[in-house]
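Heads up: the structure comes next, in structure tokens.
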Amino acid sequence: MTTVAIIGGGPAGLMAAEVVSEAGRVEGFGVDLYDAMPSVGRKFLMAGKGGLNLSHAEPREQFMNRYGDRRKFVEPWLAAFGVDELRAWARDLGVETYVGSSGRIFPTDMKAAPLLRSWLHRLRANGVKFHARHRWLGWNEAGELRFATPNGEATVHADAVVLALGGGSWAKLGSDGAWVPVLEAAGVAVAPLKPANCGFDVVWSSFFRDKFAGQPVKSVTASIGGLGEEYRRRGEFVVTEHGVEGGLVYSLSAPLREAIEAEGHADLEIDLLPDKSVDQVRGEVERPRGSRSLSSHLQSRLGLKGVKVGLLHECASREDIGVPPRLTFLLKGLKLRLVAPRPLDEAISSAGGVRFTGEDGLDEHLMLRARPGVFCAGEMLDWEAPTGGYLLTACFASGRAAGQGVLAWLSRVRRL
């Protein structure tokens, strides 16, 4: 009997298993899914703790641009299984979705567990067999899959394989990047794994760190000098003991990381008063303040207080703050110097992974050129996306693409 092995029980692996098992019921082949953890979908469930953000409802062109220079690789997956298809798929599992005020798409109950339960029920009904605590070790000389199991090493024959092993973040949930040296030893090109959707280190003064660590900086706009309006975002971030983190920082993490790699640092430009024009700020800054302190004046006239004032004094000299034109410039574009991304295991996701191009990369069906019959999907591929549903949507879509690649491969092999 023809058998297909899916290795990795996250969204990409489960979606590949769904595609292959639906065909397998007709064609008569088996699907086995292996995962190193005691249960599947652990990172998926963690992502849903604050509300499962499945996707985003923004216009297609803007959505596609979220994938940066990897758009050309990701777009075909999403053309076949995009936002509308994902919502219809969830509905078919009994999970309705809605579009929030920010454009993000959530299940109506906000939870990941009901969707996962329904999905696993469907997969088992399709004949998928699940094997927990099976950590993939690579191949033996006969080309069989090697697994470390609670009962020792086991080998498995498979006619096709989908690797959906995740990236390198959240090792405790199974995404530890341990597959990188295995694939490199097999002649597969892998771009180094790097933190994505991550926080960054800032060299705070002890005073600022002790006073403001843990406090949110709300309703600001952030940008990166020289990169234009495309990289301007509005939102909030959090001051941490080590630096900064949070949605606004995550949304710019890729260009910030690249700037640090190139220059040794990155300057995040923060507009502390995005609802006021430069002229409005200048007018209030230059207004006579009498005997009031500058801090009292800024709070009274511009509503600036707390951590925002702290950032101003942390990032600018006393001399510049004391000159009204310079102060205006600082309030509308305060430069916060970031010196390093936080460690990979702290990141929400990772960049890097199996390269798309080249003789040692992937073909158009996500099959490894160096290992025919072996396909890759999900976060272990060399792409990244910001939070907001973009990462999860593409993981689903890539799993579907890999599953369809398996079916095409098996069809070709049978005809030979």
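Readers should treat all values here as calculations from the given coordinates under stated rules, not as data from a laboratory. As the structure is a prediction and not an experimental result, all values here were calculated from the model. Cβ coordinates were reconstructed from backbone atoms using ideal geometry, including for glycine residues, and neighbour counts include every protein chain displayed.
Of Asp92, Asp267, the sequence from fewest to most neighbouring Cβ atoms within 10 angstrom is Asp92, Asp267.
May I ask you to derive the FRET efficiency for Glu144 and Asp69 from their Cβ-Cβ distance with R0 = 60 Å, giving the value to the nearest 0.05? Efficiency computed from Cβ-Cβ geometry: 0.95.
Can you compute the helix-only [θ] at 222 nm over the chain? Use -39500 (n - 2.57) per DSSP H run of at least 4 residues, normalise by all residues, nearest 500 deg cm²/dmol.
Rounded to the nearest 500, it is -11000 deg cm²/dmol.
Each Cα pair of the chain feeds into the Kirkwood radius, which the Stokes-Einstein equation turns, at 25 °C and 0.890 mPa s, into a diffusion coefficient of 106 µm²/s. Loop-located trypsin sites (Lys or Arg not before Pro) in region 230-298 (DSSP state not H, G, I, E or B) with no more than 16 neighbouring Cβ atoms inside 10 Å: Arg232, Arg289, Arg292.
Using a simple spin-label model with pseudo-atoms 7 Å out from Cα toward Cβ, Met46 and Asp275 lie 3.6 nm apart. May I ask you to compute the full-extension gain from Lys211 to Ala171, defined as 0.36 nm times their residue separation minus their alpha-carbon distance, rounded to one decimal in nm? Gain in length upon complete extension: 11.2 nm.
Partner lysines whose Cα lies under 28 Å from the Cα of Lys335, excluding those fewer than 8 positions away in the same chain, are identified as Lys194, Lys211, Lys218, Lys276, Lys305, Lys308. Here the dipole of the chain is about 1120 debye; that uses its Cα centre as origin and unit charges on the Cβ of Lys and Arg (positive) and Asp and Glu (negative). Of all beta bridges that DSSP places with both ends in the chain, some 70 percent have antiparallel geometry.
Taking R0 as 56 Å, what's the FRET efficiency between Glu229 and Thr2 from their Cβ-Cβ distance, rounded to 0.05?
Numbers: r = 52 Å, r/R0 = 0.93.
It comes out at approximately 0.60.
Suppose R0 equals 30 Å. What FRET efficiency, 1/(1 + (r/R0)^6) with r the Cβ-Cβ distance, do Val26 and Ala132 give to the nearest 0.05?
Plugging the Cβ-Cβ distance into 1/(1 + (r/R0)^6) gives 0.60.
The ranking of Thr149, Thr328 by Cβ neighbour count inside 10 Å, starting from the fewest, reads Thr149, Thr328. The label point for Thr108 and the one for Glu319, both projected 7 Å from the Cα toward the Cβ, are 6.4 nm apart.
Averaging the sequence gap over all C-alpha pairs within less than 8 Å and six or more residues apart, then dividing by the number of residues, gives the chain a relative contact order of 24 percent. Checking every one of the GluC sites (Glu not before Pro) in region 52-147 against DSSP loop status and a limit of 15 other Cβ atoms within 10 Å picks out Glu96, Glu141, Glu144. Packing around the peptides 375-385, 186-196, taken as the average count of other Cβ atoms within 10 Å per residue, puts them in this order, highest first: 375-385, 186-196. Full extension of the segment from Ala191 to Gln299, taken as 0.36 nm per residue of separation minus the current Cα-Cα distance, would add 34.0 nm. Between helix 11-27 and the chain there is an angle of about 30 degrees, using the helix long axis and the longest principal axis of the Cα atoms.
Using alpha carbons only, what's the Rg to Rh ratio of region 200-341 with Rh from Kirkwood?
Rounded to two decimals, Rg/Rh equals 0.96.
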